[in-house]
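*Asks:* Encoded as structure tokens, here's the structure I'll be asking about.
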Amino acid sequence: MNLDDTPFAPLAIHLVDLLHALDGTDITITLVGGFGLALRRLYAEERGFQTFIERVPVARATEDFDLLIDLEALKDHEKMSRLRVILDQLGYVEIDRARYYQFAKPGTSTGGRNVKVDLLAPEPDQEHLDNYRTGSGVNAYRITAKTPAQARKVRLHAHITPEAIASDEQPTLIPLEATGSDGQRRQVTVRLPHTYTLYAMKLHAFRDEHEGKKSGDRRAYAEKHAGDLYTLTALLTADEFDQLTSFRERHARTSAAQDAAQIVATYFPHERAPGALTVLNRYDVRVEDLRAFLDVLRDQFPVVAD
């Protein structure tokens with residue numbers, strides 16, 4: 001998929017730079033967030049996929065790369081050292097309020113702020129938790145390689161993301177082609193998570209922003225996440241729709257899926273619920289499409305009785 005002639009070309013430059021630098025490092029990263037959704041939409045359009053909802057919303061603008069790091073790579077301090085070197089070489093610098101897991105690239109602003117990398121990680125299960133070093137207190141959400149003191153110079157953490165359910169299962173691999181910052185044409189492959197994973201992540205993000213759990217009233221951000229949930233549903237292919245059932249059967253009883261189910265029951269149970277109204281405020285949605293969207297969310301995230 002050629003990104004040079006798309007509205008996302010300015011951001012694609014930095015993505016292909018990063019993916020090209022990671023090639024051969026055996027570090028698996030998965031692109032989540034707004035830009036991943038934009039690429040998913042472009043790919044469906046280019047391939048002519050028949051989607052679940054015919055009228056797919058236009059992808060929103062973003063300057064962020066939300067990168068989910070494979071846990072196997074995260075516990076390997078040599079791989080993480082390599083990733084830190086790559087970020088440094090590409091010109092990314094630490095963001096003071098989120099040192100070691102958020103980085104920005106000065107001079108790359110395309111929409112009011114510089115391109116940013118946010119490093120995330122799934123939550124390890126209890127059996128393997130001792131392979132990692134986690135934070136405490138206000139930094140309890142941080143995770144990094146559990147290494148000897150002399151190896152801690154890696155200076156790279158990830159934000160623990162419990163809602164990233166099944167992030168390693170049935171990813172979508174999309175071939176990309178774009179011009180890098182050095183003017184060279186690059187061919188890389190980007191890895192996107194399954195829609196089920198993104199549903200869970202977006203539901204939690206919507207709830208947190210809507211309830212002001214991060215920093216006060218951020219309803220505009222909640223609206224974006226609700227819009228992303230609708231767009232994900234609109235983009236579902238027949239195969240992805242069929243796969244959702246097996247994801248639900250495997251993961252419905254996990255705590256993150258049950259949290260997502262409570263969010264659906266609170267904000268998306270019917271057409272006049274807050275989440276549904278948020279979608280209506282963002283897009284010109286047909287009633288039948290809104291109902292189909294809500295049906296999918298309720299079906300995939302049922303509240304399971306103990």
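The values are calculated or read from the model by the stated rules, or taken from the named source; none is laboratory data. Values in this document were obtained by computation on a predicted structure and should not be read as measured data. No Cβ is skipped: glycine too gets one built from the backbone with ideal geometry, and neighbour counts run over all protein chains shown. Surface accessibility is based on the protein's heavy atoms, side chains included, excluding ligands, DNA and RNA. Shrake-Rupley method; radii C 1.70, N 1.55, O 1.52, S 1.80 Å.
*Asks:* Please tell me if L192 is out of contact with any Asp or Glu (no Cβ under 7 Å at 6 or more places or on another chain) and either crowded, with 19+ Cβ neighbours inside 10 Å or at pLDDT 90 or above (or both).
*Replies:* Criteria met by L192.
*Asks:* Being within 22 Å of D228 (Cβ to Cβ) and assigned to a helix (DSSP H, G or I) narrows it down to one residue among R41, R60; which is it?
*Replies:* R41
*Asks:* Now a separate question. Could you check how many residues of segment 12-49 are among the acidic types (D, E) and touching a strand residue (DSSP E or B) at 6+ places or on another chain (Cβ under 8 Å)? Break it down into steps so the answer makes sense when it comes.
*Replies:* Initial filter on segment 12-49 (among the acidic types (D, E)): 17, 23, 26, 45-46.
If we keep only those that are touching a strand residue (DSSP E or B) at 6+ places or on another chain (Cβ under 8 Å) too, we end up with 17, 23.
Selection size over segment 12-49: 2.
*Asks:* Moving to a separate point now. So which residues in segment 162-189 are surrounded by 14 or more Cβ atoms within 10 Å (Cβ to Cβ) and polar (S, T, N, Q)?
*Replies:* Result: S167, Q170, T172, T179, S181.
*Asks:* Would you tally the residues in segment 290-306 being of a type in the set (V, I, T) and either under 19 Å from L236 (Cβ atoms) or open to solvent by 70 Å² or more (accessible area, probe 1.4 Å) (or both)?
*Replies:* Here the count works out to 2.
*Asks:* Still on this structure, please answer the following. So which residues in segment 84-103 are buried (at least 19 other Cβ atoms within 10 Å of the Cβ) and either part of a loop (DSSP other than H, G, I, E, B) or at pLDDT below 95 (or both), if there are any at all?
*Replies:* Selection gives Y92, Y101.
*Asks:* Could I ask something else about it? Which numbered condition in (1) within 17 Å of Q187 (Cα to Cα); (2) open to solvent by 50 Å² or more (accessible area, probe 1.4 Å) is the only one that L42 fails?
*Replies:* Going through the list (1) within 17 Å of Q187 (Cα to Cα); (2) open to solvent by 50 Å² or more (accessible area, probe 1.4 Å), L42 breaks only (2).
*Asks:* Something else now. Would you say Y221 is within 18 Å of E163 (Cβ to Cβ) and either among the polar types (S, T, N, Q) or open to solvent by 60 Å² or more (accessible area, probe 1.4 Å) (or both)?
*Replies:* Yes, satisfied.
*Asks:* Let me ask another. Filter segment 209-237 down to the residues that are at pLDDT below 95 and of a type in the set (G, A, S) and list them by number.
*Replies:* Answer for segment 209-237, where residues must be at pLDDT below 95 and of a type in the set (G, A, S): G212, S215, G216, A220, A222, A226, G227.
*Asks:* Kindly indicate the residue of segment 242-261 that is loosely packed, with under 14 Cβ neighbours inside 10 Å and touching a residue at least 40 places away in the same chain (Cβ under 8 Å) and also farthest from E163 (Cα to Cα) among those meeting that condition.
*Replies:* Selected residue: R253.
*Asks:* Of the residues that make up segment 224-239, is at least one charged (D, E, K, R) and open to solvent by 50 Å² or more (accessible area, probe 1.4 Å)?
*Replies:* Scanning segment 224-239 turns up at least one residue that is charged (D, E, K, R) and open to solvent by 50 Å² or more (accessible area, probe 1.4 Å).
*Asks:* Kindly indicate whether R155 is within 24 Å of F65 (Cβ to Cβ), surrounded by fewer than 17 Cβ atoms within 10 Å (Cβ to Cβ), in contact (Cβ under 8 Å) with a residue 24 or more places away in the chain and among the basic types (K, R).
*Replies:* So R155 fits the description; yes.
*Asks:* Return the residues of segment 63-79 that are open to solvent by 10 Å² or more (accessible area, probe 1.4 Å) and either without any contact (Cβ under 8 Å) to a residue 24 or more places away in the chain or more than 28 Å from D228 (Cα to Cα) (or both); say none if nothing qualifies.
*Replies:* Within segment 63-79, E72, K75, D76, H77, E78, K79 meet the criteria.
*Asks:* Can you spot a residue in segment 214-221 that is within 18 Å of A200 (Cβ to Cβ) and of a type in the set (S, T, Y)?
*Replies:* Yes, some residue in segment 214-221 is within 18 Å of A200 (Cβ to Cβ) and of a type in the set (S, T, Y).
*Asks:* In this structure, does V287 turn out to be over 17 Å from H210 (Cβ atoms) and open to solvent by 40 Å² or more (accessible area, probe 1.4 Å)?
*Replies:* yes
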